[in-house]
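Just so it is clear, none of the values below were taken in a lab; they were calculated from the coordinates. If you're wondering where the values come from, they're calculated on a predicted model, not measured in any experiment. Note that each Cβ is placed from the backbone with ideal geometry, even for glycine, and that neighbours are counted across all protein chains shown.
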Amino acid sequence: MKLLEEVQLKPVESLKGKDLLTLLDYTSKEVQDLLELATQLKTITKQGKCPRLLEGKTLGMIFEKSSTRTRVSFEVGMQQLGGYGMYMNARDMQIGRGEPISDTGKVLSGYLDGIMIRANSHEMVKELAEHATIPVINGLTDLFHPCQALADLETIAENKGELKGLKVAYIGDGNNVAHSLVIACAHMGMHVAVASPEGYACDANIMAKAKAIAEATGGSVTLTTDPIAAVKDADAVYADVWTSMGQEEETQQRLIDFKDYQINDELVAHAKSDYMFLHCLPAHREEEVTSSVIDGPNSYIYEQAENRLHAQKAVLVSLLA
Ligand code: CP
Ligand code: NVA
């Protein structure tokens, strides 16, 4: 507690013991408080004063899919907070051989203090959370990527100051990253425009919920098929891959369907001159974004990737401490 007072850190009390499956389950105030805590944790970590609030605690990290950023940032984050992040490849676990997810959740709750999981199916992660008695954190599912969205908004906030009223344009597939970005922007009273080709729009149900949040915060959510309209006067322009993990068979078709949705110099000319380019990474240069943009002066991709570490520490401290 002493360390906590010294650095005046405020874990988000209302989130203690909760899951993080989607930011739809959090209030706008909770999202805002997490973002502020993330920036505080970043500052004190860089001063070498990250408090060991998770001393003796273990986070199990289950992966059904590949990862660079999520795995390393959660593992390092736990270590910086004095705890331990235990990597588990789902293929090596009994869930890979058909053990019920309910049993897995109950058993792991006896060993661990929290579970981070990257899974194919959001429904499966919900089931895990229902049966586990410890917090479950979504490290990406087919529907959501909430930790990514927290890092994204932390990055915009740290560079632009205020988030409220800013415009974010997401160009591409209406996927997990898009859903979480839209929800997070809605919570923060931002204007978010998503441009996707016909047939690749965001999930209508999720968008209806995000729009309801935006109505309460003074933000807005716009879906379009026109990338120029989406990017017009944007403060941030966001890309993700056209083919997500697990969709590899659709790669050739998607290259055709998304060809007019590349973020290039011509498109970003419609954004504000000081726009930020963001990408959750990994990226495919010359597909969803040209090298001139992603490696250009308006790109914040490495800072954004680093912020996964601090945003997730804010989540870990609030849920597990
Ligand atoms: N952005 C992201 O989640 O990266 P990884 O797939 O490397 O974890
Ligand atoms: N939409 C991408 C994000 C990767 C971090 C995927 O699901 O593969």
Alpha carbon centroid spacing (whole Å) that separates segment 100-174 from segment 23-67: 12
Can you classify segment 49-184 as rounded, prolate or oblate using the Cα gyration tensor, where a ≥ b ≥ c are the square roots of its eigenvalues, rounded means a/c under 1.5, and otherwise it's prolate if a/b beats b/c and oblate if not? oblate
Mean Cα-pair separation over length for segment 114-272, i.e. relative contact order, pairs under 8 Å, 6 or more apart, %: 21
From the cross-link list Lys126/Lys164; Lys46/Lys232; Lys10/Lys57; Lys29/Lys209, which pairs have alpha carbons spaced over 25 Å apart? Lys126/Lys164; Lys46/Lys232
Out of residues 5 or more away from Val221 or on other chains, whose amide H comes under 5 Å of its own, with H placed 1.01 Å from N in the peptide plane? Val192
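Any idea what the dipole of the chain comes to, in debye rounded to 20, about its Cα centre with Lys/Arg Cβ at +1 and Asp/Glu Cβ at -1?
Values: 30 positive and 45 negative charges, 224 e Å.
Dipole size: approximately 1080 debye.
When the helix-only estimate is applied to the chain (DSSP H runs of n ≥ 4, each -39,500 (n - 2.57), divided by the residue count), what is the mean residue ellipticity at 222 nm, nearest 500 deg cm²/dmol? Each step should come with its number before you reach the end.
On the way: 13 runs with 137 residues, N = 321.
Rounded to the nearest 500, it is -12500 deg cm²/dmol.
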Would you work out which of Ile156, Gly296, Val136 lies farthest towards the positive end of the dipole of the chain? Charges go on Cβ: Lys and Arg +1, Asp and Glu -1. Val136
